[in-house]
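Remarks on the structure that follows.
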Amino acid sequence: MESPGPIAFTIGTMEIRWYGILIATGAMLATLLAYKRAPKRGIQPDDVLDLVLWTLPIGIIGARVYYVIFSWNTLYRYNPMEAFNIREGGLAIHGGLIFGLVTAWAICRKKNIPFLSMADLILPGVALAQCIGRWGNFFNSEAYGRPTNLPWAIVVNGQHVHPTFLYESVWCGLLCLFLLYVDNRHRRFYGQIMCLYGILYSAERFFVESLRTDSLMLGPFRQAMVLSAFVFVGSVILYIFLKRREEN
């Protein structure tokens, strides 16, 4: 399988890219999912829309800033204006999650909405958006893995490689379904879904990142693996703490 290219269609001289279409589709479906589920959480649907209007653009900015910071020396040092060319790809999900969650916390604090409850509400949708948005990497022929002879390999630059975007897409789709199942039937405390997201997504990302050839680096280490390890441990600790607090 080989990417058909990043352009979905053109309107006049304007090129509409799959990357943008998929990110927008994921964001809309994630918003709709949270909006429909909000009343069961005791959260006003309009508060979900207010949250999205702030966290989505700030999250995208954060994803780009994060990517540019860790790619500065290799991609942007001698051509800094390219840092603003987001149409070519280059969004780091960890940056988006960090900026987005901090923004969500600030908005929840201002509106007196329990942050843990809001995080539990929106994170299944975030996993869904990741599932869909990862396909933008396929069309851009980016975020792929090492050479492989596996039957589901994709072809990039004439070479068969691991479709790491596909691994993460499938995992995030299953993660969304699992989080919804737990939230509907087995939720025991506020913050449980948030912690499970942190644990399960970090575990997957740590493994998949080890297969990639274009990792952002932190010295000699792959920064996504380092951050995933910290988030995994932190989420486990927070899960135990919140669970015990609820039981007491």
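Details
- Residue order by solvent-accessible surface for ILE193, ILE98, ILE113 is ILE98, ILE113, ILE193, largest first, with ligands and nucleic acids left out and a 1.4 Å probe.
- Reciprocal mean inverse distance between Cα atoms of the stretch 51-162 - Kirkwood radius, Å: 16.0 Å
- At R0 = 30 Å, FRET efficiency that the Cβ-Cβ distance of LEU211 and GLN44 yields, to 0.05: 0.10
- Ranking of THR213, THR25, THR148 by solvent-accessible surface, largest first: THR213, THR25, THR148 (1.4 Å probe, protein heavy atoms only, all chains present).
- Accessible area expressed per residue, the stretch 114-248, with surrounding protein chains retained (probe 1.4 Å, Å²): 49 Å²
- log₁₀ of I(q)/I(0) at q = 0.10, 0.11, 0.15, 0.19 Å⁻¹ - the stretch 141-248, Debye sum with one point per alpha carbon: -0.38, -0.45, -0.73, -0.97
- Label positions at ILE240 and MET81, each projected 7 Å from the Cα along the C-beta direction, are separated by 5.4 nm.
- When all protein chains stay in place and ligands, DNA and RNA are ignored, the 1.4 Å accessible-area order of TYR190, TYR35, TYR144, TYR201, largest first, is TYR190, TYR35, TYR144, TYR201.
- Estimated translational D of the stretch 117-182 in µm²/s (Stokes, Kirkwood radius over Cα pairs; 20 °C; 1.002 mPa s): 168 µm²/s
- Among beta bridges from DSSP that stay inside the chain, the antiparallel ones total about 90%.
- Amide proton proximity set for ALA8, modelled H, under 5 Å, gap of 5+: ILE16, ARG17, TRP18
- Estimated FRET transfer efficiency when R0 is 22 angstrom, pair ARG222-GLN159 (beta carbons, to 0.05): 0.60
- Per-residue surface analysis assigns ARG244 an accessible area of about 150 Å², computed on protein heavy atoms at 1.4 Å probe radius.
- Database remark: amide H of GLY191 closer than 5 angstrom to the amide H of ASP120 (H placed geometrically; neighbours at sequence offset of 5 or more, or on other chains; Pro and chain starts carry no H).
- Segments 217-224, 121-128 sorted - mean Cβ within 10 Å per residue, highest first: 121-128, 217-224
- The chain: Rg to Rh, with Rh as the Kirkwood radius over Cα pairs: 0.98
- Close amide-amide hydrogen proximity is noted between VAL156 and VAL161, each under 5 Å apart and 5 or more residues distant or on a separate chain (H modeled in the peptide plane; Pro and chain starts excluded).
The values are calculated or read from the model by the stated rules, or taken from the named source; none is laboratory data. Computed from a prediction, not measured in an experiment: that's the story for all the values here. Positions of Cβ are generated from backbone atoms using ideal geometry, with glycine treated the same way; all protein chains shown enter the neighbour counts. Please note that ligands, DNA and RNA were not included when accessible areas were found on the heavy atoms of the full protein model with its side chains. Shrake-Rupley method; radii C 1.70, N 1.55, O 1.52, S 1.80 Å.
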